[in-house]
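Working notes, structure below.
Readers should treat all values here as calculations from the given coordinates under stated rules, not as data from a laboratory. Please read all numbers here as calculations on a predicted model, not as lab measurements. No Cβ is skipped: glycine too gets one built from the backbone with ideal geometry, and neighbour counts run over all protein chains shown.
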2 protein chains.
Amino acid sequence: MKRKVTLKQIAKELDVSISTVSKALRNSKEISEDTRQKVQAFAKLYNYRPNNIALSLKNRKTKTIGIIIPEIVHHFFSKVIRGIELVANKRGYNVIVGLSNESFDKEVINMEMLANGSIDGFILSISKETLQQQDYHHFTETINQGMPIVMFDRVVDAINCDKVIVDDLEGAKKAVSKLISSGCENIGIITTRDYVSVGKLRTQGYLEALEEHKMNPKASLILKVVDQLLSEDHLDLLEKEVESLFKRNKNLDGIFAVNELYALTAMKVARKMHLRIPEDIQIIGFTDGVLSKHAVPSLTTVSQHGQKIGEKAAELLINNLEREDEEDIYETVIIETELIERESTK
Amino acid sequence: MKRKVTLKQIAKELDVSISTVSKALRNSKEISEDTRQKVQAFAKLYNYRPNNIALSLKNRKTKTIGIIIPEIVHHFFSKVIRGIELVANKRGYNVIVGLSNESFDKEVINMEMLANGSIDGFILSISKETLQQQDYHHFTETINQGMPIVMFDRVVDAINCDKVIVDDLEGAKKAVSKLISSGCENIGIITTRDYVSVGKLRTQGYLEALEEHKMNPKASLILKVVDQLLSEDHLDLLEKEVESLFKRNKNLDGIFAVNELYALTAMKVARKMHLRIPEDIQIIGFTDGVLSKHAVPSLTTVSQHGQKIGEKAAELLINNLEREDEEDIYETVIIETELIERESTK
DNA sequence: TTTCAACACGAAAACGTTTGCGCTAATGTT
DNA sequence: AACATTAGCGCAAACGTTTTCGTGTTGAAA
């Protein structure tokens, strides 16, 4: 087992100084052709690679990006990671991930672990608990210490930083408008509580779309699911809630669901009540997941382009990191949504 | 914007030496109660945190684990990551991920990037291309340099290291036996080419199960899908292949598919051919994905316990890293599969 | 022969830590 | 009063780099 070889060892072996070795390897013209060759040959033979940690310490940058997301077993977030990794790697960066698991404490701890020199900047999506508590001190402190942050998807106005968001409002409007133009007259929405910004915006989009088409919103058509239901374990409860939505609106002919799971549950309930999709009721979901694609019938959905979000976030962060002048002009990039029409709508 | 404070700055501010500050913060009894208090108060005020990079360099360990997987937008792999992250964090480690994207070159590059000091050890699943080419020099070199590797899921005997695998053979046997005991007499298998070790093992399990029940395997019942088809973009081709399997076996009454997508495609084709599930044909998949759970009818499947695999892999790696004696006794842990019975079987 | 530039290399500092050891001054022991 | 002990602190090395500056040697020009 031969340990990694260092400059010092090469120097000793060749009976020159460390600096000479370093310079030879970097093709400095201070070094004679002769020794340069010798050193490079030796280095190649022993497969010398500069130690990243030492470089990080010296350069005071790690060429590593920290990602904090609420959950990784999630199609959207993993697509974002893929996007980040793609451009990060292309530009010579690594990515290190931390999971907040939707918990405020884990978010804080993870950020503290990484902020102490391990990374150059953050890309993150805020946990639900943090959004609820509205405690953002860990973000401001990080930024104050000169470590840039790019937020995506779940962002918050209070923090001044780069952001990449989906046009949730517009996406929801697209979806609902599509339902309307396909003949729906009683469109229900299955959404989350309002503190989840994306849920709120999508609900707002739903309302605006109705308004634009001179349709009156009805409270009975709006289902705000209590939160724990998103966790996969309470599918039966979710189903109950959706079922009551159907039952109190006998003439329901369209559903806009703010995520995949809600949409699928709506499909299941519709089937249970012997409603045909899309003939009797049309359904549109939100997110570009694998469930929508393979559902039967396949689900019309608003795609968020998760990978593109990740790519853009990484670009913003790296550009910021590599910018010479320290001008802190923050940008908010909006990634357009796209309505992918499949079989669940006419 | 106040930069991160260092020992040196505290020392200068308090007019003591760096060592005194360091010792005071670590509660060394070399330091008087007086100065200790003073230093700690100051450090707290300025929110001092030791620089991870400097510590890594000094201690020659980074407390970071490198993960290399072929793909992250994949339920199984993201569950594994979650498992790794869980125990890694609990034991004070971070995880840094690299995606090989099923490419040999990217696997090598990613490993080289991380192996130069950035991490203490690897947890990885081998890319398809690497398995095809059977070029494992980057693994042996890494191990030779004293950096431990734990492989999971897609492993290879040629490399001597810790491994965590699913009992693919036994899992497949369980599935096929279930089909047989539920009355199936003509069971088809949809699998991959043999160089993917897991595909090979699952096929073998299928054959062994048949044999145990004195049933003769028939070549026409075995469909080895050409490789590109796994990529989501060639669903139609995949469908065609599966369709021809159905057509050349009119009496088909059971399907064992080695992954979720194949199983779902089988369901789709069955429906197209007006076969009822599970009355006319029963289907079992492999993997603990979200598709199986939410399919209609929901899919009986062999769960691999991805998260548990990740947890175990992380434990093995960290135990190895923190072991005093340098005994290299490698372990191969087998994670039992579990047959989750749902609606697609009787 | 003297002078000077070019050449080839080494010493040392710096990045931020931790820690063994040595030094000083004060205290305690005969 | 002489000596030993100890408390309290600083020096310096080490981790592996890069880079600035200094220095000795060589060869050529004067």
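How big is D, in µm² s⁻¹, for region B:7-50 by Stokes-Einstein at 25 °C and 0.890 mPa s if Rh is the Kirkwood radius over C-alpha pairs?
247 µm²/s
What pairs in A:8/A:38; A:90/B:4; B:2/B:44 have C-alpha atoms more than 19 Å from each other?
Cα-Cα > 19 Å for A:90/B:4; rest within.
For chain B, what is the Kirkwood hydrodynamic radius in Å, using each pair of distinct C-alpha atoms?
22.9 Å
In a solvent-free Debye calculation with one equal scatterer on each Cα, what is log10 I(q)/I(0) for region B:236-346 at q = 0.09, 0.17, 0.19 Å⁻¹, listed in the order of the q values?
Scattering profile of region B:236-346, log10 relative to I(0): -0.35, -0.78, -0.90.
Work out the length of the dipole vector of region B:245-346 about its Cα centre, built from +1 on the beta-carbon of each Lys and Arg and -1 on the beta-carbon of each Asp and Glu, and round it to the nearest 20 debye.
Dipole about the Cα centre, nearest 20: 1540 debye.
In the neighborhood of residue B:334, defined by Cβ-to-Cβ distances under 12 Å, what is the net charge if each Lys or Arg adds +1 and each Asp or Glu adds -1?
Result for the local shell: -3.
Of B:79/B:308; A:106/A:308; A:12/B:61, which sit over 20 Å apart, Cα to Cα?
Numbers: B:79/B:308 8 Å; A:106/A:308 27 Å; A:12/B:61 24 Å.
Listed pairs above 20 Å: A:106/A:308; A:12/B:61.
Out of B:150, B:87, B:164, any idea which swings most in a Gaussian network model of chain B, alpha carbons joined below 10 Å?
Looking only at B:150, B:87, B:164, the largest GNM fluctuation is found for B:87.
From the label point of residue A:224, set 7 Å along Cα to the beta carbon, how far off in nm is each other copy's matching point, shortest first?
Spelled out, the distances from residue A:224's label point are 5.8 nm.
Please grab the % of Cα pairs in region B:219-282 that end up more than 17 Å from each other.
32 percent
Is there a simple number for the mean count of other chain Cβ atoms within 10 Å of the Cβ of residues in A:49-61, and what is it?
Shielding by partners across A:49-61 averages 6.
Could you point to the residue in B:339, B:88, B:259 farthest towards the positive end of the protein assembly as shown's charge dipole, with +1 and -1 charges on the Cβ of Lys/Arg and Asp/Glu respectively?
Positive-most Cα among the choices belongs to B:88.
What number, in percent, do you get for the relative contact order of region A:1-140 if the mean sequence gap of Cα pairs under 8 Å and at least 6 apart is divided by its residue count? List each step's numbers first, then the result.
Values: 161 pairs, mean separation 30.5, N = 140.
Answer for region A:1-140 is 22 percent.
If you take every residue apart from residue B:111 with its C-beta less than 13 Å away from the C-beta of residue B:111, what net charge results, scoring Lys and Arg +1 and Asp and Glu -1?
Charge balance in the 13 Å sphere: -3.
Given a cut-off of 43 Å, what percent of all Cα-Cα pairs of the protein assembly as shown lie beyond it? List each step's numbers first, then the result.
Values: 79641 of 239086 pairs.
Here the long-distance tail beyond 43 Å is 33 percent of all Cα pairs in the protein assembly as shown.
Enter the mean number of other protein chain beta carbons within 10 Å of the beta carbon of each residue in B:113-124, as an integer.
Counting Cβ atoms of other protein chains within 10 Å of each residue's Cβ and averaging gives 4.
If I build a Gaussian network model for chain A, linking alpha-carbon pairs within less than 10 angstrom, which residue out of A:34, A:120, A:135 has the largest mean-square fluctuation?
A:34
What is the calculated FRET efficiency for residue A:341 to residue B:156, with r their C-beta to C-beta distance and R₀ = 45 Å, to the nearest 0.05?
0.55
Mind giving me the FRET efficiency for residue A:243 and residue A:90? R0 is 51 Å, r the Cβ-Cβ distance, nearest 0.05 is fine. All intermediate terms of the calculation are to be shown ahead of the outcome.
On the way: r = 48 Å, r/R0 = 0.95.
According to the calculation, E is roughly 0.60.
List the distances, in nm and shortest first, from the label point of residue A:334 to the matching label points in every other copy, placing each point 7 Å from Cα along the Cα-to-Cβ direction.
From this label point to the equivalent ones elsewhere in the assembly: 5.7 nm.
What lysines does residue A:214 reach when the alpha-carbon gap must be under 16 Å and sequence neighbours fewer than 8 apart in one chain are set aside?
Within the straight-line limit of under 16 Å, residue A:214 reaches these lysines: A:173, A:174, A:178.
Rounded to whole Å, give me the distance from the Cα center of region A:248-319 to that of region B:166-211.
About 34 Å separates the Cα centre of region A:248-319 from the one of region B:166-211.
Hey, got the dipole for region B:7-50? About the Cα centre, +1 on K and R Cβ, -1 on D and E Cβ, debye to the nearest 20?
That gives region B:7-50 a dipole magnitude of about 220 debye.
Please give the contour-minus-distance gain from residue B:35 to residue B:194: 0.36 nm per residue of separation, less the Cα-Cα distance, rounded to one decimal in nm.
50.4 nm
Tally Lys/Arg at +1 and Asp/Glu at -1 over every other residue whose Cβ is under 11 Å from the Cβ of residue B:286; what's the total?
-1
Find, among the residues of chain B, the one whose Cβ sits nearest the axis of the rotation taking B to A; state the distance in whole Å.
Nearest-to-axis residue on chain B, with distance in whole Å, is B:96, 2.
When only Cα pairs under 8 Å and 6 or more residues apart are kept, what is the percent relative contact order across region A:168-305?
25 percent
Could you give each residue of region A:145-153 its phi-based ³J(HN,Hα) in whole Hz, using Karplus coefficients 6.51, -1.76, 1.60 with θ = phi - 60°, and x for Gly or Pro?
With the stated coefficients, region A:145-153 comes to 7, x, 9, x, 10, 10, 9, 9, 6 Hz.
Using a 7 Å offset from the Cα along the Cα-to-Cβ direction at both residue A:274 and residue B:109, what is the distance between the two label points in nm, to one decimal?
Once both label points are built, they end up 6.0 nm from each other.
Give the long-range amide H neighbours of residue A:150: residues separated by 5 or more places, or on another chain, with amide H under 5 Å away, using H modelled in the peptide plane at 1.01 Å from N.
HN-HN under 5 Å from residue A:150: A:122, A:123, A:124.
Would you kindly compute the Cα radius of gyration of region A:168-305 and its largest Cα-Cα separation (Dmax), both in Å?
13.3, 39
Show me, bin by bin at 5 Å from 0, the whole-percent P(r) of region A:72-197 based on Cα pairs.
Spelled out bin by bin, region A:72-197 gives 2, 9, 17, 20, 19, 12, 8, 6, 4, 2, 1, 0 percent.
Any idea what the residue B:38 label distances to the other copies are, label 7 Å down the Cα→Cβ vector, nm, shortest first?
5.3
In a GNM of chain A with a 10 Å cut-off on Cα contacts, which of A:183, A:306, A:98 has the highest mean-square fluctuation?
Per the Cα network of chain A with a 10 Å cutoff, A:183 tops the list.
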